[in-house]
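Take a look at the structure below.
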Amino acid sequence: MSRPTLRCALYTRKSSEEGLDQAFNSLDAQRDACEAYVKSQRSEGWRGLDARYDDGGHSGGTMERPALRRLMADVAAGKIDIVIVYKIDRLTRSLADFARIVEIFDRHGVSFVSVTQAFNTTSSMGRLTLNVLLSFAQFEREVTGERIRDKIAASKARGMWMGGAVPLGYDLPAPGTHMLIVNPAEAATVTRIFETYLAMGSVHALCRWLNDEGIQPKQHVTRTGRQTGGLTFSRGALFHLLRNRTYLGMILHGATAHTGLHEAIVSQDLFNAVQERLDAQKRRQTEGTPEHPRAPLTGRIFDADGHPMSPTTARGRSGRSYRYYVSAPLQQGRAAELAPGASNGMRPARGSGKGKAGADPDSVSALRRVASDAIEARIGAILTRLLPGAAGDPLQIPLRIELHPGALHILLPVTVRATVEAHLIEGESLMQDAGASEHLRLACPIGLHRRGGRTDVTATSKDGPRSDPTLLRALRAAHAMVARDASGLPRIDAAPASPHQRRLIRLAFLSPDIQQSILDGRQPQGLTLARLIEVEIPLCWDAQERMFGRRAG
């Protein structure tokens, strides 16, 4: 009787990129050892897969590794029976990450084998041994990290540049040295920026002036050859530049500044004058702006192109403040484009970026700004229904939130699958996330209505009754402007005074069905005050209902 074939995936990893360009490198050596082990078990039905899972230049202290992500996705898809590594620390150096990986392996019936340590996870003794060895591997990593941090702190105390993005005005140190080199042309630009800010007194005006003059930030080339910077200055980048004490000849280590080996570009008097102006502006803004509650979705909400959406506020004509989540390209004054790795509504993966041509034109134009109160209330209502009895704030549950045209995608931990599936309604779907097998992707239909430059959240037909407070207030105001005759029918004795009132009063002459749907909270999707005011409403009730659609539900 023939043995069943066991599909073996060989995973290799090297922390640094040093030596990877050689004809036979560390990854090849690890793979050869794993292949030899598989051949020794051929009589047991073991067969190596052709797919390569090689992570070169990636630390074992993180799960964000391209090959590891592909490996875990194939495990979840049932394509692998055994995962083989040269040593356990090639897979991970984190005890917490290892526990999650083993849990996923067990869930899908996958065994784990270390070639040089001769054990697997199918036995309790193997698990104990693995945990002990991994504890030592994590201890070694933490000790190494402490040594590196101590060395960096000591070097910076001596004024050495210890790496990072070189600021505008300087070039990288010469080989074998740790002293920044002044770039004369860029240094003159830096001094000009400081002086121009003092003359203008506004970072916003300075940002516009720099972009109009074509003055660009410094370009940087990463070790992988990717270029960053060199486009346009953002306000955040200018605030950082104007606060950067590196231009005084200092080296910063946390909150401590040390005298650097490099030359200063900006004089102490000019730097101090700029700091005083920045501090004065900050005090005025703080005194004139009321405190706002912290945006609970910060760092977890993204637009349809994968760009993070950051919290911001705006003040209306009445002085009232409004909160929004705004896409990064819009805040930075750039055209929206597809974020690296974001496509088809899936979680971005490193190294798979697409250019502007890959962007979804609908999402680029529609999902760049959303009212914070509306989207937070909508997400909170969804999660309260799907996870009844969950303790704490429901907005803290999502791992990631994505706004797509017509749909809201929420990434949840896999542990809530059973509870969520029991409370799904028509139109909602739950599936395993393609980018991370330990996450669930919940897709919910959602109405998104563009108004000006922002996107408002409106009800969908599957949401059940959901009143629009703004629309209800406008309908009441319209009826208040209309006089009634003896029979109770509406009539207009005099035209309203303002153009806005003349547009608003038309709501009182909507068909009874449409008005009742507004009162019941079952108005057709997209029937908003902005649309009612903008369009020419026909007098015929049948024509109105054809224009706006029959009421929902």
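The values are calculated or read from the model by the stated rules, or taken from the named source; none is laboratory data. Remember, predicted model here, so these are calculated numbers, not experimental data. Because the Cβ atoms are built from the backbone with ideal geometry, glycine has one as well, and the counts that use them run over all protein chains shown. When the accessible area is computed, the model is the full protein with side chains, heavy atoms only, and any ligands, DNA or RNA have been set aside. Shrake-Rupley method; radii C 1.70, N 1.55, O 1.52, S 1.80 Å.
Results for (1) closer than 19 Å to Arg243 by Cβ; (2) out of contact with any helix residue (DSSP H, G or I) (no Cβ under 9 Å at 6 or more places or on another chain); (3) part of a helix (DSSP H, G or I); (4) hydrophobic (A, V, I, L, M, F, W, C), shown as yes or no for each residue.
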residue	(1), (2), (3), (4)
Ala185	no, yes, yes, yes
Val190	yes, no, yes, yes
Ile193	yes, no, yes, yes
Thr196	yes, no, yes, no
His204	yes, no, yes, no
Cys207	yes, no, yes, yes
Asp212	no, yes, yes, no
Pro217	yes, no, no, no
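Going through (1) modelled with pLDDT of 80 or more; (2) out of contact with any Lys or Arg (no Cβ under 9 Å at 6 or more places or on another chain); (3) open to solvent by less than 50 Å² (accessible area, probe 1.4 Å) one by one, Leu130 falls short only on (1). Across segment 516-536, the number of residues qualifying as open to solvent by 20 Å² or more (accessible area, probe 1.4 Å), more than 14 Å from Thr470 (Cα to Cα) and modelled with pLDDT of 80 or more comes to 2. Output the residues belonging to segment 69-84 that are within 32 Å of the chain's Cα centre (by Cα) and among the hydrophobic types (A, V, I, L, M, F, W, C). Listed by number, the residues that qualify are Leu71, Met72, Ala73, Val75, Ala76, Ala77, Ile80, Val83.
Scanning segment 385-415 for residues that are open to solvent by less than 30 Å² (accessible area, probe 1.4 Å) and in contact with a helix residue (DSSP H, G or I) (Cβ under 8 Å, 6 or more places away or on another chain) turns up Leu386, Leu387, Leu395, Pro398, Ile401, Leu403, His404, Leu408, Ile410, Leu412. Is it the case that Leu20 is of a type outside the set (Asp, Glu), within 39 Å of the chain's Cα centre (by Cα) and modelled with pLDDT of 85 or more? Taking the combined requirement at face value, the residue does not satisfy it. The combined condition, being open to solvent by less than 40 Å² (accessible area, probe 1.4 Å), within 30 Å of His58 (Cβ to Cβ) and in contact (Cβ under 8 Å) with a residue 60 or more places away in the chain, is fulfilled by Ile251.
For residues that are free of Cβ contacts under 8 Å to residues at least 24 places away in the same chain and either surrounded by 13 or more Cβ atoms within 10 Å (Cβ to Cβ) or among the basic types (Lys, Arg) (or both), tally how many sit in segment 189-201. Let's see the steps before the verdict.
If we filter segment 189-201 for residues that are free of Cβ contacts under 8 Å to residues at least 24 places away in the same chain, which is where we start, we get 192, 196, 199-200.
If we keep only those that are either surrounded by 13 or more Cβ atoms within 10 Å (Cβ to Cβ) or among the basic types (Lys, Arg) (or both) as well, we get 192, 196, 200.
Summing the residues that are free of Cβ contacts under 8 Å to residues at least 24 places away in the same chain and either surrounded by 13 or more Cβ atoms within 10 Å (Cβ to Cβ) or among the basic types (Lys, Arg) (or both) in segment 189-201 gives 3.
Would you check which residues across segment 174-188 are touching a residue at least 24 places away in the same chain (Cβ under 8 Å) and surrounded by fewer than 18 Cβ atoms within 10 Å (Cβ to Cβ) and list them? Give the steps one after another, and end with the answer.
From segment 174-188, those touching a residue at least 24 places away in the same chain (Cβ under 8 Å) are 178-182, 186-187; that's our starting set.
Met179, Ile181, Val182, Glu186 - these are the residues of segment 174-188 that are touching a residue at least 24 places away in the same chain (Cβ under 8 Å) and surrounded by fewer than 18 Cβ atoms within 10 Å (Cβ to Cβ).
Of the residues contained in segment 91-104, none is found to be touching a Lys or Arg at 6+ places or on another chain (Cβ under 8 Å), modelled with pLDDT of 90 or more and closer than 25 Å to Thr129 by Cβ. Here Ala29 meets each of (1) at pLDDT 90 or above; (2) among the hydrophobic types (A, V, I, L, M, F, W, C); (3) more than 28 Å from Arg141 (Cβ to Cβ) with one exception, condition (3). State which residue pairs qualify: first residue β-branched (Val, Ile, Thr) and inside segment 214-232, second residue open to solvent by less than 50 Å² (accessible area, probe 1.4 Å) and at pLDDT 80 or above in any location, beta carbons under 7 Å apart, and separation of 6 or more residues or different chains. The qualifying pairs are Ile215/Thr189. Could we say that Arg491 is farther than 19 Å from Gly447 by Cα, basic (Lys, Arg) and modelled with pLDDT of 75 or more here? Here the answer is no, as Arg491 does not meet what is asked.
Residues in segment 55-90 that are at pLDDT 90 or above and among the hydroxyl-bearing types (Ser, Thr, Tyr): Tyr86 alone. Restricted to strands (runs of 3 or more DSSP E) entirely inside segment 358-457, no element has at least 3 residues that are at pLDDT below 85 and within 30 Å of Ala73 (Cβ to Cβ).
In segment 146-173, the residue that is modelled with the lowest pLDDT out of those that are open to solvent by 30 Å² or more (accessible area, probe 1.4 Å) and within 14 Å of Glu186 (Cβ to Cβ) is Ala165.
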